[in-house]
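First up is the structure itself, then whatever we jot down about it.
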Amino acid sequence: MMRKGLSKSATVAIAVIIVIIVIGVAAYMLYKPPTKVSKPVTPSNVTTVTPTTTTTITPPSNNTLIVAETTPPDSLDPAIAAYTQDMEVLYSCYQTLVIFNGTDPSTFLPSLAYNWTISSNYLNWTFYIRQGAYFQNGDQINATTVWFSIYRSIVMNQFGAFNFLDLLYNGTTASVTGYATPWGVCRAMEQIFGLQFPNPQTNLTGYEEECAYALANVLSNFNVHNQSIVELMEYPDQAAVVKGPYEIQFNLLAPYYDYLGVMSGSWAMIVDPTFVDQNGGVQPDSTTSYLSTNMLCSGPYTLKQYIPGEEIVLTANPNYWAAKNPPNFMLTPAHIQNIVIKYYTSFDEEILAFKTGSAQAIDPSPHEAPPPIYLSTVLSIPNVVMYGPVWSGGDVFLVFDTQRYPYNLTVVREAFAYAINTTEIIDTVLKGFGAPYLGPIPPYPPNPYYNPGNLPPYPYDPNKAIELLASAGFQLTLPNGTVINPNGKPLTVHLWYISTDLTFTQEVQMIQQMLSNIGVNVILEGVPVSYLVSAMENPPTSPQYPGFFLLDWYPDWWDPVAQEAWFILNVDFGGITGNEAWYNNSLVNTLTTEAVFTTNITQRVGLMEQIYAQVYKDVPYIWLYEPAFYGFTYKYVCGILVNPLITGFYYPTMYFYNGTGTCINYTPIYTITGSS
């Protein structure tokens, strides 16, 4: 889902608000879940750059990196965080059981778990926790800490819970009752604590509500020396079972091949139970305000200062458990003592800070790096390295409300697809930092599920578009004054977009002109993100629901079948939670669900081929492009690693070049500007 801009940025935020509703490489090896530890990236796999001897530019400080951004985090609580700009802070401070293998979003390295095993049916995933890992205050991390963190994320029923949907809790029950509880834990508490919840057959909401509050009470008074709580965590028939001090098993409701991807996300980050309980505890369907702005970390960095809306200061963790002997390069201790992230009110201010040296880097996450219109300005600055393109695995598309006239007419949607020149948009607005594609799955990283039937994208053919609309009886007034079907009904549409997004603004202006060329009158409706979110909370038949709008979407983990095909096309996620088009095709609904929980790659590909064929005919969306990330630093900043699912710099690997050796970077370099 939106992780991961309007996914972890504007799109992501949208999906989070109604969580209770829902929720190249050899293809086989790329998507087969690893049964052993992935081979870490080594310097032979990465880009090395040695700054020229004539370069005299040096860091203004040897121990502080200042990063320029425009959008502050929404929350620093792993159970709540949903925006792209939250992730870079979270991944520097908190840790998961497994972590991405450098820039690759599809393979994983050990983190707090040193190993894992998977049952042959993909239902049972057992993780073995490292002994000797601890939080910055010395509190140990073990299997009970993991049990606490995951159950907390679910019962709070915020964005974090969404990602365990139909794996660790029943999404249908949560949708009906408004409460999310890990499967099996309610019965476990009844048996162990002697509780008696309402009969779920006659009062499901009451049952889930009382269970959720009972679990929250356990978590808010978490005591691993309490025998009843120990028995609860060890109860065998539930979502997560503590099998030993450093062993935990997750038992899924349905077989799922990419559970490592789920466990690599921010929602699966491990928090300190004592820290949580001392600062508000856990409440069902509720946030913990203290943890949204305060952190107790186990990772390479800790939170030193947070001035909301202004800056975040991270400092090297002086008590980092892996400092002396990091198990792999992703667990390296901090090389730069302080990371200062400053938030500016505009891209002009952000670029000025970078140009004057007040900042030494510009973050590469969506909506943080200056849009392509600013590239020439940034690249006129001497001694700058531009990194990218980093393919996002996300989508930018036009959404039709398929439940309301005129967008419920396939002929209208098809005509618009022929009328819009996506190549021109990519070349003109994105300056090439986008890839044309046929959705719902983007082509990068290379994967076997992208357009397996090799369907041709809709070509740019305005004459065909005019022919289709004319056949439907619409009155069309062309730019040359020709009127087609003078007695027909004129076609006027409102195109909604986020007004603060400069790239979107340019794109909708081009789309307006392209549709005008086929006789369609387009009224642009630029609105703030909050307004669009509010509008999308309406039913699709409501005139308040935006009928035609531009959106972006970024995945939370790299399973495009679940994150794009299922969420974007299945009516179970209709509206703000993913399927903004309210597309409702019974075959697609069945096939997308089947594809997600099919573990055979060949079968998955076959199902996606059928899905593509049907969606291609129905045109619920117009697929514009897959966006690419890019970021900027001065030449002396090295160790750059941008993973599309961290959606920002990974600060622990970054360091300052001291004039000797090489400058190793894990992310490709696009260009380097000359010296002044």
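The values are calculated or read from the model by the stated rules, or taken from the named source; none is laboratory data. From a predicted model like this one, the values you see are computed outputs, not experimental measurements. All Cβ positions, even for glycine, are placed from backbone atoms using ideal geometry, and neighbour counts span all protein chains on display. Quick note on the areas: whole protein, heavy atoms, side chains included, nothing else; ligands and nucleic acids left out. Shrake-Rupley method; radii C 1.70, N 1.55, O 1.52, S 1.80 Å.
Quick check, is PRO389 at pLDDT 95 or above, open to solvent by 10 Å² or more (accessible area, probe 1.4 Å) and either of a type outside the set (Ser, Thr, Tyr) or part of a loop (DSSP other than H, G, I, E, B) (or both)? Criteria not met by PRO389. If I ask for residues that are more than 20 Å from the chain's Cα centre (by Cα) and of a type in the set (A, V, I, L, M, F, W, C), which ones from the stretch 550-596 would you list? Result: VAL571, TRP582, LEU587, VAL588, LEU591, ALA595.
Taking the stretch 199-215 as the search range and keeping residues that are hydroxyl-bearing (Ser, Thr, Tyr) and in a helix (DSSP H, G or I), which one is surrounded by the fewest Cβ atoms within 10 Å (Cβ to Cβ)? Per the criteria, the residue is THR205.
Would you mind stating whether THR402 is among the β-branched types (Val, Ile, Thr), open to solvent by 30 Å² or more (accessible area, probe 1.4 Å) and more than 23 Å from the chain's Cα centre (by Cα)?
For THR402, the condition - among the β-branched types (Val, Ile, Thr), open to solvent by 30 Å² or more (accessible area, probe 1.4 Å) and more than 23 Å from the chain's Cα centre (by Cα) - is not met.
In summary, helices (runs of 4 or more DSSP H) completely within the stretch 119-196 and bearing 1 or more residues that are over 22 Å from the mean Cα position of the chain (by Cα) and within 27 Å of THR302 (Cα to Cα) occur at 143-156.
Here TRP582, TRP553 are screened, and the one residue that is at pLDDT 95 or above, in contact with a strand residue (DSSP E or B) (Cβ under 7 Å, 6 or more places away or on another chain) and not charged (D, E, K, R) is TRP582.
May I ask you to verify whether ASP258 is farther than 16 Å from ASN142 by Cβ and open to solvent by less than 20 Å² (accessible area, probe 1.4 Å)? Answer is yes for this residue.
Note on the stretch 431-453: residues that are surrounded by 22 or more Cβ atoms within 10 Å (Cβ to Cβ) and among the aliphatic types (A, V, I, L, M) total 1. Among residues of the stretch 337-357 being open to solvent by less than 30 Å² (accessible area, probe 1.4 Å) and part of a helix (DSSP H, G or I), the one that is nearest to THR70 (Cα to Cα) is GLU350.
Note on the stretch 565-676: enclosed strands (runs of 3 or more DSSP E) holding 2 or more residues that are small (Gly, Ala, Ser) are 621-634.
Of the residues making up the stretch 271-287, those that are part of a loop (DSSP other than H, G, I, E, B) and either within 15 Å of ASN221 (Cα to Cα) or not polar (S, T, N, Q) (or both) are VAL271, ASP272, GLN278, ASN279, GLY280, GLY281, VAL282, GLN283, PRO284, ASP285.
Taking every residue in the stretch 216-245 that is over 22 Å from PRO284 (Cβ atoms) and open to solvent by 90 Å² or more (accessible area, probe 1.4 Å) and pairing it with any residue that is in a strand (DSSP E or B) and of a type in the set (A, V, I, L, M, F, W, C), at least 6 positions away or on another chain, the pairs with Cβ-Cβ distances below 8 Å are GLU234/VAL241; GLU234/VAL242. Within the stretch 300-317, does at least one residue satisfy the condition of being over 27 Å from the mean Cα position of the chain (by Cα) and open to solvent by 40 Å² or more (accessible area, probe 1.4 Å)? No. Going by the structure shown, is LEU438 in contact with a strand residue (DSSP E or B) (Cβ under 9 Å, 6 or more places away or on another chain) and assigned to a loop (DSSP other than H, G, I, E, B)? Yes; evaluated as a whole, the condition is true for this residue. Candidates in the stretch 490-503 are the residues that are at pLDDT 95 or above and open to solvent by 60 Å² or more (accessible area, probe 1.4 Å); of these, the one that is nearest to ILE622 (Cα to Cα) is HIS494. Only residues that are open to solvent by 10 Å² or more (accessible area, probe 1.4 Å) and β-branched (Val, Ile, Thr) were counted in the stretch 261-287, giving 2.
Within the set of pairs 6+ apart or on separate chains, which have a first residue in the stretch 527-538 that is β-branched (Val, Ile, Thr), a second that is part of a helix (DSSP H, G or I), and C-beta atoms under 9 Å apart? Correct list of pairs: VAL527/ALA535; VAL529/ALA10; VAL529/ALA13; VAL529/ILE14; VAL533/ALA10; VAL533/ALA13; VAL533/ILE14; VAL533/ILE17.
State yes or no: is ALA334 in contact with a strand residue (DSSP E or B) (Cβ under 6 Å, 6 or more places away or on another chain), part of a loop (DSSP other than H, G, I, E, B), at pLDDT 95 or above and closer than 30 Å to GLN506 by Cα?
So ALA334 fails the test.
Quick check, is PRO560 touching a Ser or Thr at 6+ places or on another chain (Cβ under 6 Å) and not hydrophobic (A, V, I, L, M, F, W, C)? When the stated conditions are applied, PRO560 does not pass them. Where strands (runs of 3 or more DSSP E) fall wholly inside the stretch 442-547, the ranges with 1 or more residues that are under 30 Å from the mean Cα position of the chain (by Cα) and within 25 Å of PRO366 (Cα to Cα) are 492-498, 521-527.
When THR144 is tested against (1) open to solvent by less than 10 Å² (accessible area, probe 1.4 Å); (2) under 15 Å from ILE248 (Cα atoms); (3) of a type outside the set (Lys, Arg), exactly one condition is not met: (1). Residues that are open to solvent by 30 Å² or more (accessible area, probe 1.4 Å) and not hydrophobic (A, V, I, L, M, F, W, C) within the stretch 120-137 comprise SER120, ASN121, TYR122, ASN124, TYR128, ARG130, GLN131, GLY132, TYR134, GLN136, ASN137, listed in sequence order.
A quick yes/no check of all residues on (1) more than 25 Å from VAL176 (Cβ to Cβ); (2) surrounded by fewer than 24 Cβ atoms within 10 Å (Cβ to Cβ):
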{"residue": "THR505", "(1), (2)": "yes, yes"}
{"residue": "SER516", "(1), (2)": "yes, yes"}
{"residue": "VAL522", "(1), (2)": "yes, yes"}
{"residue": "GLU525", "(1), (2)": "yes, yes"}
{"residue": "SER530", "(1), (2)": "yes, yes"}
{"residue": "SER534", "(1), (2)": "no, yes"}
{"residue": "ASP552", "(1), (2)": "yes, no"}
{"residue": "TRP558", "(1), (2)": "yes, no"}
{"residue": "GLU564", "(1), (2)": "yes, no"}
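Residues in the stretch 96-117 that are open to solvent by less than 10 Å² (accessible area, probe 1.4 Å) and part of a loop (DSSP other than H, G, I, E, B) were compared, and the one that is modelled with the lowest pLDDT is GLY102.
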